[in-house]
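The values are calculated or read from the model by the stated rules, or taken from the named source; none is laboratory data. Just so it is clear, the structure is predicted and the values come from calculations on it, not from any experiment. Positions of Cβ are backbone-derived with ideal geometry, glycine not excepted, and every protein chain shown enters the neighbour counts. Heads up: the accessible areas ignore ligands, DNA and RNA and are worked out on the full protein's heavy atoms, side chains in. Shrake-Rupley method; radii C 1.70, N 1.55, O 1.52, S 1.80 Å.
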Amino acid sequence: MKIEINKLKKYYQNKLILDINNVVFNKNMTYCIKGRNGSGKTTLLQIIANLMLYDKGEILYDNKLMHYEFMKDITYVSQNPYIFNGTVYDNIYYPLKIRKSDASKLENKVYAYLEYFEIDHIKNQLAKKCSSGEKMKIALARSLIFKPKLLLLDEPTTNLDIESIEKLKAILLKIKKQTTIIFVSHQIDFINAISDKQFILKDTLLEMGEKSV
Ligand SMILES: Nc1ncnc2c1ncn2[C@@H]1O[C@H](COP(=O)(O)OP(=O)(O)OP(=O)(O)O)[C@@H](O)[C@H]1O
Ligand SMILES: [Mg+2]
């Protein structure tokens, strides 16, 4: 999915947070957004995910304004992953079930991702009791299973151990040719491994950073 941002402004209580004139995220490219704490990275991802309102401008999804039909092709993994009541398994399975119908196929996918992220041994544990890294893996599994056309990841590596970061890197490298990925990260190695282009958010502006691959 191609994303085009035009003349976007976002304020929090009269304070300008984002002022983005024109930026295009091309289809099936992987972009990193860097920037200091509080620079507006999460706000921007949430706006693109259609989870937050903006004050001026427009965002085009494949050259069209947001429509609820596009939402099923977009997944967003928050910096503090949202966890539902229920088990680890439920947390991954139920959102899938709502979107699609073939239950048996979905179950296999859930098990594959539980194994891939090595959280199969806790599948029956209450997800809200999981550790921070485990919660991130739940959220990642949930978002990747959909095979989104647009994948938005907010600091996905923060609570992950080294092996898990490698696994995430591998899976993103595998899907990046079929998915537009926009992610926020501070980890240089991870950024350089997966991004095609980098942006830096600074003083409300989104500027092109160094090209990494
Ligand atoms: N709901 C809100 N009301 C008022 N101010 C807010 C709100 N949400 C965020 N802010 C402020 O807007 C600015 C941008 O916040 P945002 O969370 O987008 O930054 P960030 O770049 O993601 O930071 P971090 O690297 O710490 O995650 C910050 O100064 C924050 O305090
Ligand atoms: Mg943030």
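Between residue 56 and residue 37, full extension at 0.36 nm per residue minus the direct alpha carbon distance yields a gain of 4.5 nm. Of the residues 143, 185, 104, the one that moves most in a GNM of the chain with alpha-carbon contacts below 10 Å is 104. Stokes-Einstein diffusion of the stretch 1-101 at 4 °C, 1.567 mPa s viscosity, Kirkwood radius from Cα pairs, rounded to a whole number: 84 µm²/s. Expressed as a whole percent, the accessible area of the stretch 1-90 that falls on carbon and sulfur atoms is 49 (1.4 Å probe).
Taking every C-alpha pair closer than 8 Å and separated by at least 6 residues, the mean separation divided by the residue count of the stretch 3-208 gives a relative contact order of 32 percent.
In a reduced charge model with +1 at each Lys and Arg Cβ and -1 at each Asp and Glu Cβ, the stretch 146-197 shows a dipole moment near 440 debye about its Cα centre. Of all DSSP bridge pairs formed entirely within the stretch 3-208, close to 55 percent run antiparallel.
Dipole check for the chain: with +1 at the C-beta of Lys and Arg, -1 at the C-beta of Asp and Glu, and the Cα centre as origin, the magnitude is about 420 Debye. Treating each Cα of the chain as an identical point scatterer and summing with the Debye formula, the log10 of I(q)/I(0) at q = 0.08 Å⁻¹ comes to -0.27. By the helix-only formula, in which each DSSP H run with n ≥ 4 contributes -39500 (n - 2.57) and the sum is divided by residues, the chain has a 222 nm mean residue ellipticity of -10000 deg cm²/dmol.
Over 18 Å between C-alpha atoms is what I'm after, so list which of 105/174; 10/56; 137/177; 109/174; 27/177 land there. Pairs exceeding the cut-off: 105/174; 137/177. Here the spin labels are modelled as points 7 Å beyond Cα on the Cα-Cβ line, and at residue 82 and residue 14 they lie 3.2 nm apart. Working ranking of peptides 176-184, 134-142 by packing, defined as the average number of other Cβ atoms within 10 Å per residue, highest first, is 134-142, 176-184. Annotation: peptides 146-158, 116-128, ranked by per-residue average of other Cβ atoms within 10 Å with the highest first, follow the order 146-158, 116-128.
Tell me which residues come under 5 Å, amide H to amide H, from residue 18 once H is placed; ignore anything under 5 positions away on its chain. Correct list: 10.
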